[in-house]
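Working notes, structure below.
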Ligand SMILES: C[S@@+](CC[C@H](N)C(=O)[O-])C[C@H]1O[C@@H](n2cnc3c(N)ncnc32)[C@H](O)[C@@H]1O
């Protein structure tokens with residue numbers, strides 16, 4: 001519990017207010033952020049609050065980060081191939097559907113989460129034509145997946161962009177700590193296309209996250225930019241770019 005940041009506790013307090021009653025959910029979240037059952041309960045309780053659906057954003061939404069994401073989605077990998085974008089730990093965020101809507105070249109957006117409750121909610125809200133794509137051949141999918149096992153779902157070197165908003169943070173703050181986070185990073189590097197990118201949106205300080213990324217992904221180019229401040233907490237976008245000449249899924 002010592003490594004749980006102050007900003008994170010602020011966030012949990014916000015959820016408690018949001019849920020309008022005290023619950024054991026925040027304790028469960030702090031201790032078990034890598035567990036499917038915890039997140040199932042979180043999304044179930046959150047969706048039961050009102051009859052009308054509202055996307056839940058762990059922190060800021062697409063508007064705050066579109067200028068970072070969309071410039072990476074201008075060119076398709078081949079004349080017949082759509083871009084492939086993966087949102088790992090999508091929850092019920094509007095990020096994936098917004099990329100699908102805003103991308104003007106053909107794109108396949110895959111929103112994946114370990115929680116079947118979150119995936120079911122998203123399918124209900126965004127299934128069959130609920131969102132108009134930026135290109136009519138684009139596709140939007142919601143799948144139950146464990147991001148520690150991405151290679152069960154995707155071929156090596158097949159994904160152009162992976163977006164992670166808060167998911168790595170959740171894993172790093174779980175009891176099993178950085179071990180799982182390291183596995184996820186390796187899985188991302190494995191399924192990313194050469195010259196593909198992983199974007200991690202996070203409130204973790206660059207002193208810690210940059211060092212970790214540089215150590216875990218020595219063959220990638222790693223960078224950071226500030227996204228903005230929300231509730232007194234500063235958020236960052238960490239870029240992990242595979243370099244075309246050096247990328248090698250077997251050694252990343
Ligand atoms: C902090 S929330 C972020 C949700 C969403 N990206 C957002 O911005 O609102 C972390 C998400 O990661 C999901 N998650 C946790 N462990 C996972 C895993 N091993 N594989 C896939 N998703 C996972 C949780 O279900 C949860 O939706």
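Read-outs throughout are calculated quantities, based only on the coordinates presented, and are distinct from any laboratory measurement. Because the structure is a prediction, the values reported are computed rather than measured. Ideal geometry is used to build each Cβ from the backbone, glycine not excepted, and the neighbour counts take in all protein chains shown.
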- Message: Running a GNM on the chain with Cα contacts under 10 Å, which residue among 188, 90, 237 ends up with the highest mean-square fluctuation?
- Response: 237
- Query: Taking only C-alpha pairs under 8 Å that are 6+ residues apart, what is the relative contact order of the chain in percent?
  - Reply: 16
- Just need log10 I(q)/I(0) for segment 78-161 at q = 0.18, 0.23 Å⁻¹, Debye formula, equal scatterers on the alpha-carbon atoms, no solvent, rounded to two decimals. -0.72, -1.12
- Jot down the radius of gyration and Dmax of segment 118-198, Cα atoms only, both in angstrom. 14.6, 43
- Item | Likely footprinting exposure, 152, 219, fewest C-beta neighbours within 10 Å first | 152, 219
- Message: Using Cβ contacts closer than 10 Å as the measure, can you line up 204, 216 from fewest to most?
- Response: 216, 204
- Query: Counting only DSSP beta bridges with both residues in the chain, what percent are antiparallel, rounded to the nearest 5?
  - Reply: 45
- Using alpha carbon centers only, segment 97-173 is separated from segment 52-78 by a whole-angstrom value of 11
- Query: Most mobile of 83, 189, 230 per a Gaussian network model of the chain (Cα springs, under 10 Å)?
  - Reply: 230
- Pick from 38, 167, 92: which residue has the top mean-square fluctuation in a GNM of the chain where Cα pairs under 10 Å get a spring? 38
- Query: Average projected area of the Cα convex hull of the chain, in nm²?
  - Reply: 13.0
- Ranked by Cβ crowding within 10 angstrom, fewest neighbours first, how are 88, 162 ordered? 88, 162
- Query: What is the gain in length, in nm to one decimal, between residue 229 and residue 123 on full extension, counting 0.36 nm per residue of separation less the C-alpha to C-alpha distance?
  - Reply: 35.1 nm
